[in-house]
1. Give me a count of the residues in the stretch 335-373 that are within 22 Å of ILE170 (Cβ to Cβ) and not in a loop (DSSP other than H, G, I, E, B).
2. Would you mind finding the one in SER68, SER104 that is surrounded by fewer than 23 Cβ atoms within 10 Å (Cβ to Cβ), modelled with pLDDT of 95 or more and among the polar types (S, T, N, Q)?
3. Of the residues ALA115, ALA123, which single one is small (Gly, Ala, Ser), assigned to a helix (DSSP H, G or I), in contact (Cβ under 8 Å) with a residue 60 or more places away in the chain and over 30 Å from ARG246 (Cα atoms)?
4. Among the residues of the stretch 80-92, count how many are surrounded by fewer than 17 Cβ atoms within 10 Å (Cβ to Cβ) and more than 23 Å from the chain's Cα centre (by Cα).
5. Pairs please, first residue from the stretch 154-183 and closer than 22 Å to LEU278 by Cα, second anywhere and within 10 Å of the ligand (Cβ to nearest atom) and assigned to a helix (DSSP H, G or I), Cβ atoms under 7 Å, 6+ apart in sequence or on different chains.
6. For ASP261, which of the numbered conditions (1) in contact with a strand residue (DSSP E or B) (Cβ under 8 Å, 6 or more places away or on another chain); (2) free of Cβ contacts under 8 Å to residues at least 24 places away in the same chain fails to hold?
7. Any residue at all in the stretch 85-92 that is within 16 Å of ASP136 (Cβ to Cβ), more than 12 Å from the ligand (Cβ to nearest atom), touching a residue at least 12 places away in the same chain (Cβ under 8 Å) and touching a strand residue (DSSP E or B) at 6+ places or on another chain (Cβ under 6 Å)?
8. Tell me, please, whether a residue that is at pLDDT 95 or above, outside any helix (DSSP H, G or I), in contact with a Leu (Cβ under 7 Å, 6 or more places away or on another chain) and not aliphatic (A, V, I, L, M) can be found in the stretch 131-148.
Amino acid sequence: MIKRRDFLKQLFAAGAVLGGGTLTGACSGITRADLPEDNTSEQSPPMLDPTGRHILYYASLAPSGHNSQPWRVRIEAATTWIVEANGDRRLPCVDPDNRELLLSIGAFAENLFLAAGALGRHADIEVIANSSHDRDILRVVLRSGQANGDPLNLLATRRTVKHGHLPKEISANDVAALSHQAGGGLFYFPRTSSHAACIRDAAVESFRIQAARDDAQRELVHWLRLKNRDAMHHRDGLTPEGMEIRGMANWFVRHFVSPDDFMKTDFRRKGVDVTAQLAREGGGWMVMTSSGDNVADLIGTGRRFQRMALAARARNIGIHPMTQVLEEKTGRSAIAGNHNRHFFPQFVLRVGYLDHYPKPVSLRRPVEWFVTS
Ligand SMILES: Cc1cc2nc3c(=O)[nH]c(=O)nc-3n(C[C@H](O)[C@H](O)[C@H](O)COP(=O)(O)O)c2cc1C
């Protein structure tokens, strides 16, 4: 009889090649499309008018490490909100200094700003935290304003994309447009350049180092939502769809794998193999830097990142952050080692054109779950 482990290996291998088609459709789990429209819940948010709720819904579509959604919003008055870091949603093993948490809150702030503008409000956003471990991070004051552009569709359709990056360099025009949105500090290394090879090797090696760390792997396990029931209960974390586990492997993982199985050597090895494969694909790498690393620098960089990611979405360019290289010491020195002390790499990204930009699949908590008064 075939052993469960061997069966699993075969299914994972099948999933890697099955990419799309009817099997994937028939076997998919919960995705964003299965959530109620605008992600409503029965609870009513305190002191929020429908526009305020709408703004926070779009803000919550921001990316975050492990989809931890580390934000909470305290409503002080209908037009004055405090964005807090939710300490229960930190990633202490891989992000002990809250660097990624603040980048994620920065992306949330940018979505909030853009959604407010689209809905006829102006959001003044001020960084009020002094230290990266403070709870209160931003003060948001909403004023009435002119409806200004309509980025809502972009906010709703951006996602992280790992598979399907085409082996084609990003054009100079597109690099310039992304760099403009990023406000500078964005460096592109085309796929065949020697720098790209260095970044790729460092990214895969850092992934391997981290996959061998029990504490980091345990933290990942904490954010896995493999069963549809768990995914709907938490509406955060990493679902099989979010991790882009496809085909039969997706079905198998949802039905027969428990998060704890990800602690096993086979699973860790498979993760490294898939990552090494993905790292060879696509149009190259981008590194986004900041000139400082205090709270305001990190919030600002999260905002710049999100603007850049939305511009990438508009151009059918997939973005895949590979953050282990900034979390593990050897990776960090490979990326920043030869640069001066005012060069802070904050994002390392695989980038590539896509034939087809897939629909977002990662889940989000309803506004009512992260708003307090
Ligand atoms: C600071 C930060 C770090 C991230 N690091 C990784 C990473 O190392 N690997 C990865 O696959 N995705 C990474 N992501 C993407 C998140 O997993 C993703 O944003 C989250 O699951 C929500 O999915 P979405 O971007 O499709 O909305 C990162 C995102 C942020 C904001």
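1. 10
2. Among SER68, SER104, only SER68 is surrounded by fewer than 23 Cβ atoms within 10 Å (Cβ to Cβ), modelled with pLDDT of 95 or more and among the polar types (S, T, N, Q).
3. Result of the check over ALA115, ALA123: ALA115.
4. The number of residues fulfilling the criteria is 1.
5. From the stretch 154-183, the pairs are ARG158/ALA309; LYS162/LEU278.
6. (1)
7. yes
8. Yes, the stretch 131-148 contains at least one residue that is at pLDDT 95 or above, outside any helix (DSSP H, G or I), in contact with a Leu (Cβ under 7 Å, 6 or more places away or on another chain) and not aliphatic (A, V, I, L, M).
The values are calculated or read from the model by the stated rules, or taken from the named source; none is laboratory data. Predicted model, so just to flag it, every value in this text is computed and none were measured. We place every Cβ from the backbone using ideal geometry, glycine too, and count neighbours over all the protein chains shown.
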